[in-house]
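A.B. asks: Before I ask anything, let me first share the structure, which is written out below as structure tokens.
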Amino acid sequence: MNEVKSMAMRAKGQRTEAALQDAAREVFATKGYFRAKISDITEAAGRSAGSFYNYYDSKEQLLESLLDLFSAEVLALSVQAKTADPYATIRTAVAAYFAAYRKYLPELVGVFHLSMTDEAFARRWRENRAVGFRSIISGIAQLEKAGHKVDLNHDALASALISMLDSYCWTSMVAGGELAGDRIDDETAIETIANIWYRAVFAAKP
């Protein structure tokens, strides 16, 4: 009986934490991270203000938990994207990154702003990048194991590719796009970035 009760309590706790995370994403999206209050989050979650501190010490810690979800989702989608067709794998991974970036946009804006003044969040921002970086390095290693030589410094290439993705998503989704030229839709952007990525790695058109 005690074990059943313990499992029920854990399940209830997981539901409460998930409700707080969902509410935080909603509040961050509507109010912005900096203007969001813990009371706004608990109200949106339908939980008491005191329940927040059973799971998180601060709003910053809650933000970090959401960033963990972003990193895990990007990693999982990257693994799922792998196929026998290298270009299809790259394109699917780029599309997945776009989707995850848009989904977690309020949190990513919050951590980017905090990273400018808080060393802990500057490190957290780099840790987010590291997920994509390691995934690219792993892909390059697999290519070379299969006999394809990538004639560029692997670390520099991985950093450049993840920077291209990050910067493009930020410019497009946060900064409002380029001042010059027509608006670029996501599909065109994904196709273009995937082509650049493929050509950089394979020195050929897909």
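The values are calculated or read from the model by the stated rules, or taken from the named source; none is laboratory data. Since we're looking at a predicted model, the values are computed, not measured. Every residue, glycine as well, gets a Cβ built from its backbone with ideal geometry; the counts of neighbours run over all protein chains shown. Please note that ligands, DNA and RNA were not included when accessible areas were found on the heavy atoms of the full protein model with its side chains. Shrake-Rupley method; radii C 1.70, N 1.55, O 1.52, S 1.80 Å.
A.B. asks: Report, by residue number, each residue of the stretch 78-90 that is open to solvent by 60 Å² or more (accessible area, probe 1.4 Å), of a type outside the set (A, V, I, L, M, F, W, C) and in a helix (DSSP H, G or I). Before you say what the answer is, go through the steps one by one.
C.D. replies: Within the stretch 78-90, the subset open to solvent by 60 Å² or more (accessible area, probe 1.4 Å) is 79-80, 82-85.
Applying the additional criterion that residues be of a type outside the set (A, V, I, L, M, F, W, C) yields 80, 82-83, 85.
Across the stretch 78-90, the qualifying residue is only Gln80.
Conditions (1) modelled with pLDDT of 85 or more; (2) within 27 Å of Thr188 (Cα to Cα); (3) among the polar types (S, T, N, Q); (4) in contact with a Lys or Arg (Cβ under 7 Å, 6 or more places away or on another chain), marked per residue:
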{"site": "Ala81", "(1), (2), (3), (4)": "no, yes, no, no"}
{"site": "Ala88", "(1), (2), (3), (4)": "yes, yes, no, no"}
{"site": "Tyr97", "(1), (2), (3), (4)": "yes, yes, no, no"}
{"site": "Ala100", "(1), (2), (3), (4)": "yes, yes, no, no"}
{"site": "Leu105", "(1), (2), (3), (4)": "yes, yes, no, no"}
{"site": "Gly147", "(1), (2), (3), (4)": "yes, no, no, no"}
{"site": "Asp151", "(1), (2), (3), (4)": "yes, no, no, no"}
{"site": "Leu157", "(1), (2), (3), (4)": "yes, yes, no, no"}
{"site": "Ile162", "(1), (2), (3), (4)": "yes, yes, no, yes"}
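Residue by residue, here is whether (1) of a type in the set (A, V, I, L, M); (2) exposed (fewer than 14 other Cβ atoms within 10 Å of the Cβ); (3) at pLDDT 90 or above holds:
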residue	(1), (2), (3)
Met7	yes, yes, no
Arg10	no, yes, no
Ala24	yes, no, yes
Phe28	no, no, no
Tyr33	no, no, no
Lys37	no, yes, yes
Thr42	no, no, yes
Gly46	no, yes, yes
Ser51	no, no, no
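A.B. asks: So, in the stretch 114-138, of the ones that are of a type in the set (S, T, N, Q) and within 14 Å of Glu73 (Cα to Cα), which residue ends up modelled with the lowest pLDDT? Steps first, please.
C.D. replies: First, pick out the residues of the stretch 114-138 that are of a type in the set (S, T, N, Q): 115, 117, 128, 135, 138.
From what's left, within 14 Å of Glu73 (Cα to Cα): 128, 135.
On the way: Asn128: 80, Ser135: 86.
Going through the qualifying residues, I end up with Asn128.
A.B. asks: So Glu60 passes all but one of these: (1) more than 18 Å from Tyr33 (Cα to Cα); (2) charged (D, E, K, R); (3) open to solvent by 60 Å² or more (accessible area, probe 1.4 Å). Which condition number does it fail?
C.D. replies: (1)
A.B. asks: Return only the number of the condition from (1) within 25 Å of Ala175 (Cα to Cα); (2) in contact with a Pro (Cβ under 9 Å, 6 or more places away or on another chain) that Asn128 does not satisfy.
C.D. replies: (2)
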